[in-house]
1. Any residue in the stretch 116-144 that is among the hydroxyl-bearing types (Ser, Thr, Tyr) sitting within a Cβ distance under 6 Å of a residue that is outside any helix (DSSP H, G or I)? List the pairs, counting only those 6 or more apart or interchain.
2. Go through the stretch 88-109 and give me each residue that's more than 11 Å from the chain's Cα centre (by Cα) and over 25 Å from Ser47 (Cβ atoms).
3. Can you name the residue in the stretch 135-157 that is at pLDDT 95 or above and among the hydrophobic types (A, V, I, L, M, F, W, C) and, of all such residues, is surrounded by the fewest Cβ atoms within 10 Å (Cβ to Cβ)?
4. List every residue pair whose Cβ atoms sit under 8 Å apart, with the two residues 6 or more apart in sequence or on different chains, where the first one lies in the stretch 41-55 and is in contact (Cβ under 8 Å) with a residue 12 or more places away in the chain and of a type in the set (Phe, Trp, Tyr) and the second, anywhere, is part of a loop (DSSP other than H, G, I, E, B) and surrounded by 15 or more Cβ atoms within 10 Å (Cβ to Cβ).
5. Which residue is surrounded by the most Cβ atoms within 10 Å (Cβ to Cβ), if the candidates are limited to the stretch 58-75 and must be in contact (Cβ under 8 Å) with a residue 12 or more places away in the chain and polar (S, T, N, Q)?
6. Within the stretch 77-115, how many residues turn out to be out of contact with any strand residue (DSSP E or B) (no Cβ under 7 Å at 6 or more places or on another chain) and either without any contact (Cβ under 8 Å) to a residue 12 or more places away in the chain or farther than 19 Å from Glu37 by Cα (or both)?
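The values are calculated or read from the model by the stated rules, or taken from the named source; none is laboratory data. As the structure is a prediction and not an experimental result, all values here were calculated from the model. Reconstructed Cβ throughout: ideal geometry from the backbone, glycine too, with neighbour counts over all protein chains shown.
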Amino acid sequence: MVLRRSAVSTRSTTWGQAVTSTVISTELTELLYAAREARDHAYAIYSGFKVGSAVRTNDGRIVIGANVENASYGLTVCAERNAVMRAVIEQSCTIVAVAVCAEPAATPCGMCRQTLVQFAADDIPIIIGTPDPAVEPQIKRLGDLLPAAFRFAGTHK
């Protein structure tokens, strides 16, 4: 995977540390590129709004997902939830970073945010990008996107 040098920080990332720079680390750049590739596999025949997502698990794996639309719109599954479900199936239940790629750029929907809360800490980075590598991605924190998130006392993390 080729990384754009202008978007790569020379420092290493500590997953619990806040990302305040607009220059993103190699690990986050790699995750965004995986989300861009996943977007190519989206099934968005009704809206044309293709979304790709990639999640990094605590064991270092990158798991991808893409949105899959259905004629019964309520049955459509978002890219982020597809990536999380694949990670869970692959027995990686702790998410440490997420990337989302759409045109125009978009944050995860409310249902995806709540799904991420089940498997990730509030301080994980969410990288929001577009298919165009020349467009600078945004970095948000899960807790900023879903403050005061619902968590059941028995939530597995």
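1. Thr130/Glu103; Thr130/Ala105
2. Val88, Ile89, Glu90, Gln91, Ser92, Cys93, Thr94
3. Val135
4. Qualifying pairs under 8 Å: Tyr43/Asn67; Tyr43/Glu69; Tyr46/Glu69; Phe49/Asn67.
5. Asn67
6. Residues flagged as out of contact with any strand residue (DSSP E or B) (no Cβ under 7 Å at 6 or more places or on another chain) and either without any contact (Cβ under 8 Å) to a residue 12 or more places away in the chain or farther than 19 Å from Glu37 by Cα (or both) within the stretch 77-115 amount to 11.
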